[in-house]
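Here, each number is a calculation from the coordinates, and none is a lab measurement. Remember, it's a predicted structure, so these values are computed and weren't measured experimentally. Using ideal geometry, Cβ is built from the backbone for each residue, glycine included, and neighbour counts are taken over all protein chains shown.
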Amino acid sequence: MPVDCSSILGRYFDGAGFNLITVHGRLVADLALHICDCTTPVPSAEERRFIEEAALLHDIGICRVNAPDIGMHGEHPYLMHGVIGRGILEEEGLPKHALVCERHIGVGLTVTDIDMGGLPLPRRDMTPQSRAEEIICFADLFYSKSPGKLELRKHPDKVRRKLAAFGPDKLQIFDIWMKQFGCALLAAPVPE
């Protein structure tokens, strides 16, 4: 049964926040669906629906973070939005979608990343574990939530430069995903 993503998001956002989360989610979902179209095996209709829904909901946790530059005035650090989103979607009865929230940060976070960075996160593996999670995580790398940049798709070189700051292992993951999913960047229309 399809999930009413707009209704769920509407319970946590209003006004400009609702616009931000729905535009960003739609852009990520559209790119993720283009990835589905150019990869093999082609995902089933059920998997495509899940990918679209999870992409639309993946950043729901920003409703409780302190990120004034994007209009969010919660009490938690931005980095926690994945864990917060997982909690929200588990409460909404969407445990599989919830895991996408937690596992979409960068190219994923390992326990070593959390320990070495002293990150304010639970000590557990938060890396994508399924092809659907990888597709959404990859698509998300190309879109910002910053005002004025919301609909601008980043060039892969820019994404690589940003990930380089987090170590060669993160670049290696990105490069693997570029080989698997990068065809979509050429096939997908760039938002106007």
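Numbers below:
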| read-out | value |
| --- | --- |
| Helix-derived mean residue ellipticity, 222 nm - over the chain, DSSP H n ≥ 4, -39500 (n - 2.57), to 500 | -16500 deg cm²/dmol |
| By average C-beta atoms within 10 angstrom, highest first, the peptides 13-20, 94-101 | 94-101, 13-20 |
| Gyration tensor (alpha-carbon) shape descriptor, region 59-133, a/c threshold 1.5 | oblate |
| Whole-Å distance, taken between Cα centres, linking region 48-81 and region 126-190 | 17 Å |
| Fluctuation leader among Gly87, Gly167, Gly74 - the chain, Gaussian network, Cα springs under 10 angstrom | Gly167 |
| As computed over region 5-187, the Cα convex hull volume per residue (Å³) | 113 Å³ |
| Estimated FRET transfer efficiency (Asp175, Glu90; beta-carbon r; R0 41 Å; 0.05) | 0.80 |
| Dipole magnitude of region 1-111, debye to nearest 20 (Cβ charges: Lys/Arg +1, Asp/Glu -1, about Cα centre) | 120 debye |
| Fewest-first ranking of Met178, Met72, Met126, using other Cβ atoms within 10 Å as the exposure measure | Met178, Met72, Met126 |
| Ranking of Glu90, Glu133 by count of other Cβ atoms within 10 Å, fewest first | Glu90, Glu133 |
| The chain: relative contact order as a whole-number percent, Cα under 8 Å and 6+ apart | 22 percent |
| Student exercise, the chain dipole from Lys, Arg, Asp, Glu Cβ charges, in Debye to nearest 20 | 480 debye |
